[in-house]
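Peer 1: Below you'll find the structure I mean.
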């Protein structure tokens, strides 16, 4: 697909919404879309701008040409219908909202439809029909494989086929929702013994990104890899929680089940493909000797990746009581993906699977391959063999009740305004 830049990417553009100017996440060059409510009002679509949320259906009649129909589609508790209209509709909406927020002549009509974000509640942006989690982080795959197969960490299929599994859509939660520690069976202490049963003792996070599907495809009609990006609504942050002790007992032969289905947390804002256009970058080259993708997965990868930086932080009850800042555990780039987003969609649909608006694809844990870039605690602690030390002297191998995990992501590049994804956070409760 063609990556096009336009007036909405102008780094010198400013908004009459003063908090947007220089905002680390939501300047006028971003304009992510989500679902919000204010007080007892109904859920509806909104756009993040600085410290405010613009009410899409409320502002529809005040928007310049091209924004009215799209904004009215935001008058719903989920955004499936809006994003199902495809990239052209979103492009028109983005341009109209940008103009309304940068041209002071629109201020009188638009300003009454701005709500302070601190007074609003965010909700899941989509009705999620299906959720598929991939395993595209090759450095994570090597680290995990090394714990069990030190001499051969990657299975033979890894570099030939995008590996994934179908997750549970009903337990996807929006940022800020508490996560209850899951209970399940755990591996027997001795070979041939009786499995233990109880709350997970090895609860972990996974630093991932969420790829949302906009326009879908008909059953039996695969999406070609060259057209796949037209089906992406946008990107958010994803924390795919894992109960490592439950997973170790149940995952063979069919893969994750109860270790994954208790919760997955997403950030509430969908950063659109148009907003991300300046930050597209080349997919990292495959290592020498790696196989070429099969023909149905081959495409131009010169701008197929996303120059997005990610980080994960933690706060504990003692840290919050002391007023301490969150402690960063790790950080790394979204370019740690071995497969591109387009390849994930092409592979997912190649057998005829019908993708639907609001379907969620997880990238899998994205570990950078460098020290400090581990995307999960099981990597940071080498499978729980060592503890990590926090600034206040506390130690962790896995998450304890009361711990809060915070994930952030942003894109920045010389000559363009930095844009962010907001936060993906959740607290563990017993």
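Peer 1: Report whether or not residue 281 is in contact with a strand residue (DSSP E or B) (Cβ under 6 Å, 6 or more places away or on another chain), buried (at least 24 other Cβ atoms within 10 Å of the Cβ) and not assigned by TED's automatic domain parsing to the domain that holds residue 55.
Peer 2: Judged against the criteria, residue 281 is not a match.
Peer 1: If you don't mind, there's one more thing I want to ask. Among the residues that make up segment 194-207, is at least one of them free of Cβ contacts under 8 Å to residues at least 40 places away in the same chain and out of contact with any strand residue (DSSP E or B) (no Cβ under 9 Å at 6 or more places or on another chain)?
Peer 2: There is at least one residue in segment 194-207 that is free of Cβ contacts under 8 Å to residues at least 40 places away in the same chain and out of contact with any strand residue (DSSP E or B) (no Cβ under 9 Å at 6 or more places or on another chain).
Peer 1: In segment 375-384, is there at least one residue being out of contact with any helix residue (DSSP H, G or I) (no Cβ under 9 Å at 6 or more places or on another chain), more than 28 Å from residue 24 (Cα to Cα) and not in a helix (DSSP H, G or I)?
Peer 2: So far as segment 375-384 goes, yes, one or more of its residues are out of contact with any helix residue (DSSP H, G or I) (no Cβ under 9 Å at 6 or more places or on another chain), more than 28 Å from residue 24 (Cα to Cα) and not in a helix (DSSP H, G or I).
Peer 1: Among the strands (runs of 3 or more DSSP E) confined wholly to segment 261-366, which include 3 or more residues that are under 17 Å from the mean Cα position of the chain (by Cα) and more than 28 Å from residue 244 (Cα to Cα)?
Peer 2: It comes to none.
Peer 1: So in segment 392-402, with the set limited to residues that are touching a helix residue (DSSP H, G or I) at 6+ places or on another chain (Cβ under 8 Å) and under 15 Å from residue 318 (Cβ atoms), which one is surrounded by the most Cβ atoms within 10 Å (Cβ to Cβ)?
Peer 2: In this case the residue turns out to be 399.
Peer 1: Can you name the condition, by its number, that residue 255 falls short on among (1) in contact with a strand residue (DSSP E or B) (Cβ under 6 Å, 6 or more places away or on another chain); (2) crowded, with 17+ Cβ neighbours inside 10 Å; (3) in a loop (DSSP other than H, G, I, E, B)?
Peer 2: (2)
Peer 1: For segment 31-45, name all the residues that are surrounded by 24 or more Cβ atoms within 10 Å (Cβ to Cβ) and in contact with a helix residue (DSSP H, G or I) (Cβ under 6 Å, 6 or more places away or on another chain).
Peer 2: 31, 45
Peer 1: Would you check which residues across segment 158-207 are outside any strand (DSSP E or B) and closer than 16 Å to residue 364 by Cα and list them?
Peer 2: 158, 159, 161, 162, 163, 167, 168, 169, 205, 206
Conditions (1) under 30 Å from residue 421 (Cα atoms); (2) modelled with pLDDT of 95 or more; (3) in contact with a helix residue (DSSP H, G or I) (Cβ under 6 Å, 6 or more places away or on another chain); (4) surrounded by fewer than 17 Cβ atoms within 10 Å (Cβ to Cβ), marked per residue:
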position: 224; (1), (2), (3), (4): yes, yes, no, yes
position: 235; (1), (2), (3), (4): yes, yes, no, no
position: 238; (1), (2), (3), (4): yes, yes, no, no
position: 259; (1), (2), (3), (4): yes, yes, yes, no
position: 271; (1), (2), (3), (4): yes, yes, no, no
position: 276; (1), (2), (3), (4): yes, yes, no, no
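Peer 1: In addition: Please find, within segment 121-140, the residue that is farthest from the chain's Cα centre (by Cα) out of those that are crowded, with 20+ Cβ neighbours inside 10 Å and either within 11 Å of residue 36 (Cα to Cα) or without any contact (Cβ under 8 Å) to a residue 40 or more places away in the chain (or both).
Peer 2: Only one residue tops the list, namely 122.
Peer 1: Criterion first (in the same structural domain as residue 312 (by TED's automatic domain parsing), farther than 30 Å from residue 230 by Cβ and modelled with pLDDT under 95) does residue 203 satisfy it?
Peer 2: Criteria not met by residue 203.
The values are calculated or read from the model by the stated rules, or taken from the named source; none is laboratory data. Given the structure is predicted, the values throughout are model-derived calculations rather than measurements. With ideal geometry, Cβ positions are generated from the backbone for all residues, glycine too; neighbour counts draw on all protein chains shown.
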